[in-house]
1. With N denoting the number of residues in region C:63-111, provide Rg(C-alpha) divided by 2.2 N^0.38 Å, to two decimal places.
2. When ranked by the protection proxy of mean other Cβ atoms within 10 Å per residue, highest first, what sequence do the peptides C:17-30, B:27-40 form?
3. State which entries of A:LYS94/C:LYS94; A:LYS94/D:LYS94; B:LYS94/D:LYS94; A:LYS27/D:LYS94 exceed 31 angstrom in Cα-Cα distance in the structure shown.
4. Could you do me a favour and compute the accessible area per residue for chain D, 1.4 Å probe, result in Å²?
5. Remind me, relative contact order of region D:1-86 in percent, using alpha carbon pairs under 8 angstrom and six or more residues apart?
6. Sorted from shortest, what are the nm distances separating the label point of D:ARG62 from equivalent points in the other copies, each placed 7 Å from Cα along Cα to C-beta?
7. With the full set of protein chains in place, find how many percent of the accessible area of the protein assembly as shown is carbon and sulfur; take the probe as 1.4 Å.
8. How fast does the protein assembly as shown diffuse by Stokes-Einstein, in µm²/s, taking the Kirkwood radius from C-alpha pairs at 10 °C and 1.306 mPa s?
Protein chains: 4
Amino acid sequence: VSDLIELRDQLRVFTDERDWAQFHDPKSLILALVGEVGELAELFQWLPADAAVTRVRDEPLRSRVGEELADVLVYLVRLADVLEIDLGDAALRKLQGSTTRFPVDEVRGQAPEKA
Amino acid sequence: VSDLIELRDQLRVFTDERDWAQFHDPKSLILALVGEVGELAELFQWLPADAAVTRVRDEPLRSRVGEELADVLVYLVRLADVLEIDLGDAALRKLQGSTTRFPVDEVRGQAPEKA
Amino acid sequence: VSDLIELRDQLRVFTDERDWAQFHDPKSLILALVGEVGELAELFQWLPADAAVTRVRDEPLRSRVGEELADVLVYLVRLADVLEIDLGDAALRKLQGSTTRFPVDEVRGQAPEKA
Amino acid sequence: VSDLIELRDQLRVFTDERDWAQFHDPKSLILALVGEVGELAELFQWLPADAAVTRVRDEPLRSRVGEELADVLVYLVRLADVLEIDLGDAALRKLQGSTTRFPVDEVRGQAPEKA
């Protein structure tokens, strides 16, 4: 079964058991998402750009980064669920659109303008 | 098959075909993620909190929101891949941790402190 | 004297004394700014939209919010300084532009599209 | 005269003339702030870290960056005003706190942990 749907369903149970759906309006969930993106950014802010991948191979940073990536995904999946949007489907369709929008022979090796 | 792994693999092909891996260091990808979260926030900023779900049922807002959710996921998946972190696994483990950390009988119906 | 310039100058001294200018490239400073915006968002995420102003009148939330607003401003001022941009001047000019762009008799009482 | 107070006062007039105060609850203003931070991030995301300062010296990027910095400041000032918090005062006090918290002889030349 799809792991995004599995995660969505587990989050529904988690939320319902705690009666937290009352807090999960879209604007609040986006603020929560922003909070987690902020925690992710803080882990990287002072790392040299070309050393970041290597540094994240070591603990405890590796686990910390994994947790923040997870938190961002959790709120994103929850937000899509509240909005009744199929996140996995939306992502695959978006990627198809980008494939058309950025033809290989036109953009190869060049930084995209806001890809 | 896992849709997060499917998406990760399609993004690898998309990126390699365009020779864009050179731009995808972690700090740059986080900035791109922030850009997409910002576009998502802009779609909701002036909506009344209690009307947001209903408004997003109508086009063209519905498609716009789906695209921004997709963009956030795309950069999140790409970032996890560059960092060699299994995003789906991290999310399921994080949710298990939260289940322990927030016992139902202690937190039921109360807004969590930075859940 | 202008308080934005005063703050900029104090931040220069603070940074130089600690030899931290080496970390203050624009992308790193934006990630630091994102981190502080995230902390600000977390303070508000689960508050009811129409109760937020009242809740922030009470301590300790009031001081916490003040600190996060301050942190955002500090990194914004530092970023503008590194980029050699006059932040106060840019803001006043932007506001003049918005005054022209949003004529009172056209937009009065209507939520702006991405104002 | 203080330029933060000048900006705050001009924003009050701008908002009142348009009857937009009704949209300016704190959560909505934070989402608007996030939107502007996202636009700022997009201008830098694919720039090489060590070339960003130089690139921003040239037009049209220079003006675009100035506008986004301005937009972030505008929403930050407006948010502080709605929350009845003196932003300039909060920033100066925060900087004094950081001066104590990060003694020069302990942190000199070392990347701060989430400064």
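1. My calculation over the Cα atoms of region C:63-111 gives 1.58.
2. Order by mean packing, descending: B:27-40, C:17-30.
3. From A:LYS94/C:LYS94; A:LYS94/D:LYS94; B:LYS94/D:LYS94; A:LYS27/D:LYS94, over 31 Å: A:LYS94/C:LYS94; A:LYS94/D:LYS94; B:LYS94/D:LYS94.
4. Spelled out: the 1.4 Å probe surface of chain D, per residue, equals 43 Å².
5. Result for region D:1-86 is 49 percent.
6. Label-point separations across copies, in nm and ascending: 4.4, 4.6, 4.8.
7. The C+S portion of the solvent-accessible surface of the protein assembly as shown is 48 percent.
8. For the chosen part, D equals 70 µm²/s.
The values are calculated or read from the model by the stated rules, or taken from the named source; none is laboratory data. All figures in this text were calculated on a predicted structure; none of them were measured in a lab. A quick note on method: Cβ atoms are made from the backbone with ideal geometry, for glycine too, and the neighbour counts reach across all protein chains shown. In case anyone asks, the SASA skips ligands and DNA or RNA and just uses the protein heavy atoms, side chains included. Shrake-Rupley method; radii C 1.70, N 1.55, O 1.52, S 1.80 Å.
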